[in-house]
Structure formats: C-alpha cells, structure tokens
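Asks: Below: one structure in structure tokens.
Here, each number is a calculation from the coordinates, and none is a lab measurement. Just so it is clear, the structure is predicted and the values come from calculations on it, not from any experiment. Note that each Cβ is placed from the backbone with ideal geometry, even for glycine, and that neighbours are counted across all protein chains shown.
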Amino acid sequence: MRTLVAIAVLGFVVVASAQPRSATLTMTTKPTPLGLGQNLFEVVVKDAKGQPVTDAEVALALVMPADPKTKHPEMRSEGKLKNAGDGKYNGIAIVTMAGDWNATVTATRHGKPIGQTKQKLTAYLKTPTKK
C-alpha cells in the first residue's frame with residue numbers, strides 16, 4: 001500500500017510517497033532440487049535494514065497448476081513454518097508428484113504482510129546427477 005502525503009508550502013504543493021518498508025525473504029530447500037516425499041523449506045526474513053525479523057508468521061504455499069491436456073487437477077499444499085530463531089523459519093512439506101511447483105512464501109507481522117517471495121521449483125523422481 002502506498003500513502004500519499006500532500007503538504008502546501010507557500011502556495012506550492014509537494015507530494016511525497018511514503019513506501020512501507022518491506023522484508024526480504026530468502027528461501028532454500030533440502031534437498032535441492034526438490035524430491036518426492038519430505039522436503040525441508042528454510043526461509044530467512046530480514047527487514048529493510050538487513051536485520052533479522054524474529055517475530056513474523058511465515059506461511060508456505062506449494063501449487064502445481066492444473067494440466068488440461070492430461071486432465072490433471074491442481075495440487076496444493078499449504079502450511080505455516082516454525083520460528084527457528086534469529087529470523088529463520090522452517091518446515092517440512094511433502095511433495096507428492098514430480099514436475100513444476102509454484103512456491104509462495106508470505107511473511108506477516110501483527111496480521112499485516114511485510115514480505116513475499118515466489119519461486120518456481122521443479123521436483124524430480126530421482127535427484128539429477130551433476131556433470
């Protein structure tokens with residue numbers, strides 16, 4: 001949300017935009033890339049000054065979009081990550097199918113959103129070998 005503030009000074013109007021300070025969310029997974037079954041999701045939340053946010057609520061949503069060609073319905077998994085201290089949050093999510101998943105992590109503080117990150121992740125039946 002943007003807040004506009006107008007101040008009249010000697011007949012001139014100055015408009016200033018007050019941007020809310022948002023948090024930066026960094027997500028990692030173990031294993032990387034995702035595998036079928038249990039995957040650990042870890043998120044680090046930092047404020048605009050780069051300091052850890054220790055009192056956020058962090059939610060994870062995994063969505064595999066529907067595929068009309070194969071008549072496969074959308075798959076979804078959602079949950080809250082646990083506060084692990086020092087701005088770190090983690091949790092286990094079960095990935096039930098290989099393919100592309102859209103991961104959305106949202107951090108809130110006192111019921112208000114402070115940051116969000118979205119990533120497209122690919123889950124594999126077997127972890128690809130590095131060449």
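Asks: What are the extents of the Cα atoms of the stretch 50-131 along their three principal axes, listed from largest to smallest and rounded to whole Å?
Replies: The principal-axis extents, from largest down, are 43, 34, 19 Å.
Asks: Taking the Cα-to-Cβ direction at His72 and at Thr117 and moving 7 Å from each Cα, how far apart do the two end points lie in nm?
Replies: Placing both labels 7 Å along Cα→Cβ, they lie 2.6 nm apart.
Asks: Another question, then. Treating only the Cβ atoms of Lys and Arg (+1) and Asp and Glu (-1) as charged, compute the dipole magnitude of the stretch 22-124 about its Cα centre; round to the nearest 20 debye.
Replies: 100 debye
Asks: Per residue of the stretch 103-114, in order, report the coupling 6.51 cos²θ - 1.76 cosθ + 1.60 (Karplus, θ = phi - 60°) as ³J(HN,Hα) in whole Hz, putting x for Gly and Pro.
Replies: 9, 10, 10, 10, 10, 10, 9, 6, x, 10, x, 10
Asks: Same structure again: Using r as the Cβ-Cβ distance of Ala48 and Ile94, and R0 as 30 Å, what FRET efficiency do you calculate, to the nearest 0.05?
Replies: 0.35
Asks: Considering amide H positions built from the backbone, and no H for Pro or chain starts, which residues 5 or more places from His72, or on another chain, come under 5 Å of its amide H?
Replies: Amide H neighbours of His72, under 5 Å, 5+ apart: Asp67.
Asks: Quick check on the stretch 33-98: take the gyration tensor over C-alpha atoms, sort the square-rooted eigenvalues as a ≥ b ≥ c, and tell me if it's rounded (a/c under 1.5), prolate or oblate.
Replies: Since a/c reaches 1.5 and a/b is larger than b/c, the shape of the stretch 33-98 is classed as prolate.
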